[in-house]
Amino acid sequence: MSEFVNENLHGKLFLIVGPSGSGKGTVIKALEAKYPGFVFPISYTTRFAREGEEDGKVYHFVTRKKFEQMIKDGDFLEYAIVHSNNYYGTAKQEIVDALESGAVVIREVDIQGFHSIQKIIPKKNLTSIFMKVSDLNDLKGRILMRGALSDEELKRRLDSAAKELAQEGDCDYQVPNEWGKVKECVGAVDKIIIDEIKDLY
Ligand code: 5GP
């Protein structure tokens, strides 16, 4: 896809970008609690659900066959192979409908997803916020805290992290999320959102 999905969007899509373990999910959970009227779309992935992850909360966990059928059917706004092994994709219709109706939409994606969406959603309807982490060792600890991972999977995530961090400047905002400073990070993201949507309503 290389054309805008629609020139007549009224809402605003916030993309939360940043490496695995940078706290995107935590920030989004806090925003979800504060803003029940915003839209928080559920993405699709072919990775296995981690312990405690429920289907239909953050992701629909689907087979590779189903995901590839959805690609063929044009169901995705964007999709990417993340950490060199699994598909992740944002479903198109829910987001386009929400933006057409003037809603605020918040979704996390990897840097590839951001670059794809940047090509198809007009600038006035899109804000990207990158979660910065300055210490890769700290990041490694946070990734491991979410559950056991094979050495290979950990390496894949740290390799992706280095690549993502090198592109943080592509996003509109960079917000630090250091260990133990979640509240400050959520506050900073919230401030950006309030500022960016003040002309919407
Ligand atoms: P995790 O496996 O840790 O849940 O997610 C791995 C990476 O995939 C994270 O960087 C996350 O932001 C990203 N991701 C989650 N949903 C999507 C999506 O719909 N599209 C893309 N491109 N990346 C996603």
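The values are calculated or read from the model by the stated rules, or taken from the named source; none is laboratory data. Everything numeric here is computed off the predicted structure, so don't read it as measured data. As a convention, Cβ positions derive from the backbone with ideal geometry for all residues, glycine included, and neighbour counts pool all protein chains shown. Please note that ligands, DNA and RNA were not included when accessible areas were found on the heavy atoms of the full protein model with its side chains. Shrake-Rupley method; radii C 1.70, N 1.55, O 1.52, S 1.80 Å.
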*Only one of these conditions is not met by GLY141: (1) outside any helix (DSSP H, G or I); (2) out of contact with any Phe, Trp or Tyr (no Cβ under 6 Å at 6 or more places or on another chain). Which number is it?*
(1)
*Looking at region 160-201, which of its residues are open to solvent by 70 Å² or more (accessible area, probe 1.4 Å) and not in a helix (DSSP H, G or I)?*
ALA166, GLN174, PRO176, TRP179, LYS181, LYS198, ASP199, TYR201
*Have a look at ILE81, ILE71, ILE117 and point out the one that is surrounded by 19 or more Cβ atoms within 10 Å (Cβ to Cβ) and touching a strand residue (DSSP E or B) at 6+ places or on another chain (Cβ under 8 Å).*
ILE117
_Tell me yes or no: at least one residue of region 41-58 is open to solvent by less than 20 Å² (accessible area, probe 1.4 Å), under 28 Å from ILE194 (Cβ atoms) and either among the acidic types (Asp, Glu) or modelled with pLDDT of 95 or more (or both)._
yes
*So which residues in region 98-109 are open to solvent by less than 30 Å² (accessible area, probe 1.4 Å) and within 13 Å of the ligand (Cβ to nearest atom)?*
VAL105, ILE106, ARG107, VAL109
*With respect to GLY21, determine if the residue is open to solvent by less than 20 Å² (accessible area, probe 1.4 Å) and at pLDDT 95 or above.*
no
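For region 48-97, enumerate the residues that are assigned to a loop (DSSP other than H, G, I, E, B), near the ligand (Cβ under 9 Å from one of its atoms) and over 27 Å from GLY11 (Cα atoms). Step through it out loud before you land on a result.
Residues of region 48-97 that are assigned to a loop (DSSP other than H, G, I, E, B), as a first pass: 48-54, 56-58, 62-63, 73-75, 83-85.
Imposing the further condition that a residue be near the ligand (Cβ under 9 Å from one of its atoms) reduces the set to 50, 53, 58, 83.
Scanning region 48-97 gives ARG50, GLU53, HIS83.
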